[in-house]
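Each remark here refers to the structure printed beneath this line.
Coordinate-derived values only; no laboratory data. Since we're looking at a predicted model, the values are computed, not measured. Using ideal geometry, Cβ is built from the backbone for each residue, glycine included, and neighbour counts are taken over all protein chains shown.
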Amino acid sequence: MVKQFNVKTAGVGASAGSLSGGNLQKYIVGREIVQDPGVLIVSQPTWGVDAGAAAAIHQALFALAENGSAVVVISQDLDELLTLSDHLAVINLGTLSPGMVTAEASIAEIGLLMGGLHGMTEHQPGPNGGNAIVA
């Protein structure tokens, strides 16, 4: 994991507790990916890591999925979700939206769901007859 995910450490015998936040994140994600799980649920997989490490983690998650594992990504980073997912659902105040094909979803539609306006679309009028999108 140190080599594959470029974890910067004093040595392979160093404890995980001695790692910086970003290196600890790379180590934990790597540790789970190398076990080749049938299902992997990750939350904020690239939080706090540099762009190179994020790309390596994304590639490892893609490879895991391509090899038949189900990968569920929970993230507040919409760009990350759009990059990693083929299907997307939004949770807002405990309500889960219907799933959608990521490539067919519009940013406006996802934004409405994130704002709790379930069942509305970018073309459907909002309350009081106004537009559903406020810019």
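So what J values fall out for region 103-109 if you push phi through Karplus, 6.51 cos²θ - 1.76 cosθ + 1.60 with θ = phi - 60°, rounded to Hz, Gly and Pro as x?
Residue by residue, region 103-109 yields 5, 9, 7, 9, 4, 4, 5 Hz.
Label points 7 Å out from Cα along the Cβ direction at PHE62 and SER106: separation in nm?
With each label point 7 Å from Cα toward Cβ, the separation is 2.8 nm.
Per residue of region 74-83, what does 6.51 cos²θ - 1.76 cosθ + 1.60 with θ = phi - 60° give for ³J(HN,Hα)? Whole Hz please, x for Gly and Pro, Karplus curve as stated.
So the Karplus estimates, Gly and Pro as x, are 10, 7, 8, 8, 4, 4, 4, 5, 5, 6 Hz.
Could you line up LYS8, LYS3 from fewest to most neighbouring Cβ atoms inside 10 Å? Mind showing how you got there, number by number?
Details: LYS8 11, LYS3 8.
Ordered from fewest to most neighbouring Cβ atoms within 10 Å, LYS8, LYS3 come out as LYS3, LYS8.
Could you give the length gained on full extension between VAL72 and VAL2, defined as 0.36 nm per residue of separation minus the Cα-Cα distance, in nm? Intermediate values should be presented prior to the final figure.
Working: separation 70, 0.36 × 70 = 25.20 nm, distance 2.40 nm.
Stretched fully, the VAL72-VAL2 segment lengthens by 22.8 nm.
Give me D for region 1-85 in µm² s⁻¹, whole number, from Stokes-Einstein with Rh from the Kirkwood sum over alpha-carbon pairs, 25 °C and 0.890 mPa s.
Numbers: Rh = 13.1 Å.
Roughly 188 µm²/s, to the nearest whole number.
Which residue fluctuates most in the GNM of the chain (Cα springs below 10 Å): SER85, SER15, SER97?
Fluctuation is largest for SER15.
Taking every DSSP beta bridge with both residues inside the chain, roughly what % is antiparallel (nearest 5)? Kindly include the intermediate steps, with their values, before the conclusion.
Working: 4 of 9 bridges.
Here the antiparallel bridges make up roughly 45 percent for the chain.
Which value at 222 nm does the chain reach when only helices count, each DSSP H run of 4 or more adding -39,500 (n - 2.57), with the total divided by all residues and rounded to the nearest 500 deg cm²/dmol? Don't jump to the answer; show the numbers that get you there.
Working: 4 runs with 44 residues, N = 135.
Helices in the chain give a 222 nm mean residue ellipticity of -10000 deg cm²/dmol.
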